[in-house]
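Notes for the one structure printed next.
The values are calculated or read from the model by the stated rules, or taken from the named source; none is laboratory data. Remember, it's a predicted structure, so these values are computed and weren't measured experimentally. Positions of Cβ are generated from backbone atoms using ideal geometry, with glycine treated the same way; all protein chains shown enter the neighbour counts.
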Amino acid sequence: MTATRELPVLDATAELVAPYGRLITDDVTADIDIPYYRGRVVEGGDIGFEYRGAATLRTAKVLPGADSTVLWLERHLYLTQLFVGLGTEPFVMVLAPPNHETGGDLPDLDAARALRIPAATGLLLHRGTWHDFPIACRGPVTFLLGNSAEVIDALRAAGTARELDQGDVYKISLPDRLATRLKVLL
(Lines give C-alpha, C1' and ligand atoms only; values in the text may rest on other atoms or scores of the structure.)
Protein backbone atom coordinates (compact mmCIF):
# COMPACT_ATOMS: atom_id res chain seq x y z
CA MET A 1 0.00 0.00 0.00
CA THR A 2 1.40 3.37 -1.03
CA ALA A 3 0.30 6.60 0.63
CA THR A 4 0.22 9.95 -1.12
CA ARG A 5 1.61 12.91 0.78
CA GLU A 6 0.61 16.30 -0.60
CA LEU A 7 3.17 19.08 -0.78
CA PRO A 8 1.89 22.64 -1.20
CA VAL A 9 4.14 24.85 -3.27
CA LEU A 10 5.86 27.64 -1.33
CA ASP A 11 7.51 30.65 -2.93
CA ALA A 12 11.25 30.30 -2.39
CA THR A 13 13.04 32.82 -0.23
CA ALA A 14 16.66 32.75 0.91
CA GLU A 15 15.46 31.65 4.36
CA LEU A 16 13.24 28.82 3.06
CA VAL A 17 15.99 27.56 0.74
CA ALA A 18 18.78 27.72 3.35
CA PRO A 19 18.41 24.12 4.67
CA TYR A 20 18.74 22.79 1.11
CA GLY A 21 21.05 25.21 -0.70
CA ARG A 22 21.11 28.80 -1.84
CA LEU A 23 19.40 30.92 -4.45
CA ILE A 24 21.53 32.45 -7.17
CA THR A 25 19.96 35.69 -8.43
CA ASP A 26 20.99 38.75 -10.40
CA ASP A 27 21.99 40.45 -7.13
CA VAL A 28 25.80 40.52 -7.16
CA THR A 29 27.95 41.80 -4.31
CA ALA A 30 31.44 43.04 -5.11
CA ASP A 31 33.49 40.29 -3.46
CA ILE A 32 36.70 40.22 -5.48
CA ASP A 33 38.83 42.85 -7.14
CA ILE A 34 39.78 42.12 -10.73
CA PRO A 35 41.38 45.25 -12.16
CA TYR A 36 40.52 44.90 -15.85
CA TYR A 37 36.85 45.97 -15.86
CA ARG A 38 36.46 48.33 -12.89
CA GLY A 39 33.48 50.62 -13.24
CA ARG A 40 31.78 48.29 -15.70
CA VAL A 41 31.68 44.88 -13.96
CA VAL A 42 30.72 43.99 -10.40
CA GLU A 43 32.86 40.92 -9.64
CA GLY A 44 31.01 38.50 -7.35
CA GLY A 45 32.77 35.78 -5.39
CA ASP A 46 32.70 32.01 -5.58
CA ILE A 47 29.17 30.60 -5.17
CA GLY A 48 30.44 27.28 -3.79
CA PHE A 49 30.00 24.89 -6.71
CA GLU A 50 31.83 21.68 -5.76
CA TYR A 51 32.25 18.39 -7.59
CA ARG A 52 34.45 15.32 -7.75
CA GLY A 53 36.26 14.46 -10.96
CA ALA A 54 35.26 16.44 -14.05
CA ALA A 55 32.60 19.15 -14.05
CA THR A 56 29.87 19.15 -16.67
CA LEU A 57 27.61 21.95 -17.82
CA ARG A 58 24.62 20.91 -19.85
CA THR A 59 21.11 22.02 -20.71
CA ALA A 60 17.74 20.34 -20.29
CA LYS A 61 14.18 21.45 -21.02
CA VAL A 62 11.40 20.53 -18.59
CA LEU A 63 7.91 20.44 -20.07
CA PRO A 64 4.74 21.40 -18.19
CA GLY A 65 1.60 19.35 -17.92
CA ALA A 66 3.12 16.11 -16.73
CA ASP A 67 1.99 14.46 -13.52
CA SER A 68 3.51 16.31 -10.57
CA THR A 69 3.82 13.17 -8.45
CA VAL A 70 7.36 12.59 -7.21
CA LEU A 71 8.41 8.94 -7.06
CA TRP A 72 12.19 9.35 -6.78
CA LEU A 73 14.58 11.34 -4.63
CA GLU A 74 18.35 11.36 -4.94
CA ARG A 75 21.35 12.93 -3.29
CA HIS A 76 24.99 13.58 -4.10
CA LEU A 77 27.67 13.70 -1.41
CA TYR A 78 30.46 15.17 -3.55
CA LEU A 79 28.45 17.60 -5.67
CA THR A 80 26.72 20.89 -5.00
CA GLN A 81 24.42 20.53 -7.99
CA LEU A 82 23.40 23.73 -9.78
CA PHE A 83 20.05 24.32 -11.51
CA VAL A 84 19.71 27.65 -13.35
CA GLY A 85 16.32 28.33 -14.90
CA LEU A 86 16.71 30.34 -18.09
CA GLY A 87 13.92 32.48 -19.48
CA THR A 88 10.69 33.78 -17.99
CA GLU A 89 9.09 30.78 -16.26
CA PRO A 90 9.47 29.71 -12.62
CA PHE A 91 10.08 26.10 -11.63
CA VAL A 92 9.42 23.91 -8.60
CA MET A 93 11.98 21.81 -6.76
CA VAL A 94 11.04 19.11 -4.26
CA LEU A 95 13.75 19.10 -1.59
CA ALA A 96 14.52 17.35 1.68
CA PRO A 97 17.45 18.40 3.85
CA PRO A 98 20.78 16.58 3.92
CA ASN A 99 20.99 13.95 6.65
CA HIS A 100 24.09 11.95 5.72
CA GLU A 101 26.22 13.53 8.46
CA THR A 102 23.88 12.02 11.07
CA GLY A 103 23.83 8.61 9.34
CA GLY A 104 20.55 9.08 7.48
CA ASP A 105 20.20 6.97 4.35
CA LEU A 106 16.57 7.90 3.57
CA PRO A 107 15.05 11.37 3.21
CA ASP A 108 13.04 12.94 6.01
CA LEU A 109 9.73 13.42 4.23
CA ASP A 110 8.37 15.45 7.15
CA ALA A 111 10.98 18.08 6.23
CA ALA A 112 10.37 17.85 2.46
CA ARG A 113 9.27 21.03 0.73
CA ALA A 114 8.12 21.99 -2.76
CA LEU A 115 9.66 25.39 -3.48
CA ARG A 116 8.82 27.62 -6.43
CA ILE A 117 12.03 29.16 -7.71
CA PRO A 118 11.51 32.46 -9.58
CA ALA A 119 12.23 32.73 -13.29
CA ALA A 120 15.84 33.47 -14.28
CA THR A 121 17.10 32.25 -10.88
CA GLY A 122 19.46 29.47 -9.96
CA LEU A 123 19.50 27.02 -7.09
CA LEU A 124 22.77 25.62 -5.76
CA LEU A 125 22.08 22.55 -3.61
CA HIS A 126 24.11 21.69 -0.53
CA ARG A 127 25.95 18.38 -0.66
CA GLY A 128 23.55 15.63 0.38
CA THR A 129 20.31 17.53 -0.29
CA TRP A 130 17.59 15.10 -1.37
CA HIS A 131 15.92 16.28 -4.58
CA ASP A 132 14.02 15.33 -7.68
CA PHE A 133 14.40 16.93 -11.11
CA PRO A 134 12.72 20.34 -11.45
CA ILE A 135 9.03 20.57 -12.32
CA ALA A 136 7.71 23.15 -14.81
CA CYS A 137 4.88 25.20 -13.25
CA ARG A 138 3.30 26.82 -16.32
CA GLY A 139 5.45 26.86 -19.43
CA PRO A 140 8.57 24.95 -20.51
CA VAL A 141 11.74 25.77 -18.59
CA THR A 142 15.21 25.41 -20.05
CA PHE A 143 17.94 24.77 -17.51
CA LEU A 144 21.67 25.21 -17.37
CA LEU A 145 22.81 22.38 -15.09
CA GLY A 146 26.11 22.27 -13.22
CA ASN A 147 26.91 18.64 -12.53
CA SER A 148 29.77 16.17 -12.42
CA ALA A 149 30.61 13.71 -15.17
CA GLU A 150 30.43 10.97 -12.53
CA VAL A 151 26.74 11.73 -11.84
CA ILE A 152 25.78 11.98 -15.51
CA ASP A 153 27.61 8.74 -16.35
CA ALA A 154 25.89 6.86 -13.51
CA LEU A 155 22.42 8.09 -14.48
CA ARG A 156 22.94 7.27 -18.16
CA ALA A 157 24.29 3.81 -17.35
CA ALA A 158 21.20 2.91 -15.26
CA GLY A 159 19.48 1.72 -18.45
CA THR A 160 16.03 1.85 -16.86
CA ALA A 161 14.33 3.87 -14.13
CA ARG A 162 15.48 2.06 -11.00
CA GLU A 163 17.12 2.67 -7.65
CA LEU A 164 20.75 3.56 -8.02
CA ASP A 165 23.76 3.63 -5.72
CA GLN A 166 26.62 4.22 -8.11
CA GLY A 167 29.38 6.80 -8.14
CA ASP A 168 27.98 9.94 -6.53
CA VAL A 169 24.32 9.04 -7.16
CA TYR A 170 22.15 7.57 -4.43
CA LYS A 171 18.61 7.47 -5.90
CA ILE A 172 15.71 5.82 -4.13
CA SER A 173 12.14 4.88 -5.00
CA LEU A 174 9.79 6.54 -2.54
CA PRO A 175 7.02 3.95 -3.07
CA ASP A 176 9.41 1.03 -2.59
CA ARG A 177 11.41 2.41 0.33
CA LEU A 178 8.90 4.58 2.18
CA ALA A 179 5.52 3.40 0.77
CA THR A 180 4.89 7.04 -0.17
CA ARG A 181 4.43 9.26 -3.19
CA LEU A 182 4.79 13.03 -3.00
CA LYS A 183 2.06 14.96 -4.85
CA VAL A 184 3.09 18.53 -5.63
CA LEU A 185 0.06 20.82 -5.52
CA LEU A 186 0.83 23.14 -8.41
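Hey, among the residues in the range 51-67 that are surrounded by 14 or more Cβ atoms within 10 Å (Cβ to Cβ) and within 16 Å of Val184 (Cα to Cα), which one's modelled with the lowest pLDDT? Can you show your working first?
Going through the range 51-67, the residues surrounded by 14 or more Cβ atoms within 10 Å (Cβ to Cβ) turn out to be 51-53, 55-56, 62, 64.
If we keep only those that are within 16 Å of Val184 (Cα to Cα) too, we end up with 62, 64.
Values: Val62: 96, Pro64: 93.
Residue satisfying both the conditions and the ranking: Pro64.
For the range 51-77, residues that are over 14 Å from the mean Cα position of the chain (by Cα) and part of a loop (DSSP other than H, G, I, E, B) total 11.
Take the range 78-103 and flag every residue that is part of a loop (DSSP other than H, G, I, E, B) and touching a Phe, Trp or Tyr at 6+ places or on another chain (Cβ under 9 Å).
First, the residues of the range 78-103 that are part of a loop (DSSP other than H, G, I, E, B): 78-81, 87-90, 97-99, 103.
Within the range 78-103, Tyr78, Leu79, Thr80, Gln81, Pro97, Pro98, Asn99 qualify.
Of the listed requirements (1) surrounded by 15 or more Cβ atoms within 10 Å (Cβ to Cβ); (2) closer than 23 Å to Asp153 by Cα, Gly48 misses just one: (1). Say we look at the range 168-178 and pick out the residues that are part of a helix (DSSP H, G or I) and in contact with a Leu (Cβ under 8 Å, 6 or more places away or on another chain); which of these is surrounded by the most Cβ atoms within 10 Å (Cβ to Cβ)? Of everything passing the filter in the range 168-178, Leu174 is surrounded by the most Cβ atoms within 10 Å (Cβ to Cβ).
Against the list (1) surrounded by 14 or more Cβ atoms within 10 Å (Cβ to Cβ); (2) of a type outside the set (Phe, Trp, Tyr); (3) part of a strand (DSSP E or B), the condition Asp165 fails is (1). The set of residues in the range 121-150 being free of Cβ contacts under 8 Å to residues at least 60 places away in the same chain and out of contact with any strand residue (DSSP E or B) (no Cβ under 8 Å at 6 or more places or on another chain) is empty. Of the numbered criteria (1) out of contact with any strand residue (DSSP E or B) (no Cβ under 7 Å at 6 or more places or on another chain); (2) assigned to a loop (DSSP other than H, G, I, E, B), the one Asp153 fails is (2).
Pick from Gly103, Gly159, Gly139, Gly128: which is under 23 Å from Leu10 (Cβ atoms) and over 15 Å from the mean Cα position of the chain (by Cα)?
Numbers: Gly103 fails: under 23 Å from Leu10 (Cβ atoms); Gly159 fails: under 23 Å from Leu10 (Cβ atoms); Gly128 fails: over 15 Å from the mean Cα position of the chain (by Cα).
When all the criteria are applied, what remains is Gly139.
Would you tally the residues in the range 104-120 being in a loop (DSSP other than H, G, I, E, B) and surrounded by fewer than 18 Cβ atoms within 10 Å (Cβ to Cβ)? Residues that pass the stated criteria total 7. Restricting the range 70-96 to residues that are at pLDDT 95 or above, out of contact with any Leu (no Cβ under 7 Å at 6 or more places or on another chain) and over 22 Å from Pro19 (Cβ atoms), which is surrounded by the most Cβ atoms within 10 Å (Cβ to Cβ)? Once the filter is applied, the top-ranked residue is Glu89. Taking each residue of the range 155-184 that is farther than 24 Å from Tyr51 by Cβ and looking for partners that are of a type outside the set (A, V, I, L, M) and in a helix (DSSP H, G or I) with beta-carbon atoms closer than 7 Å, six or more apart or interchain, yields Arg181/Pro175. At pLDDT 95 or above, hydrophobic (A, V, I, L, M, F, W, C) and part of a helix (DSSP H, G or I): does that describe Leu16? Judged against the criteria, Leu16 is a match. Look at the range 59-76: where a residue is farther than 14 Å from Val94 by Cα and a partner is modelled with pLDDT of 95 or more and among the charged types (D, E, K, R), sitting 6+ places away or on another chain with Cβ atoms under 7 Å, you get His76/Arg127; His76/Asp168.
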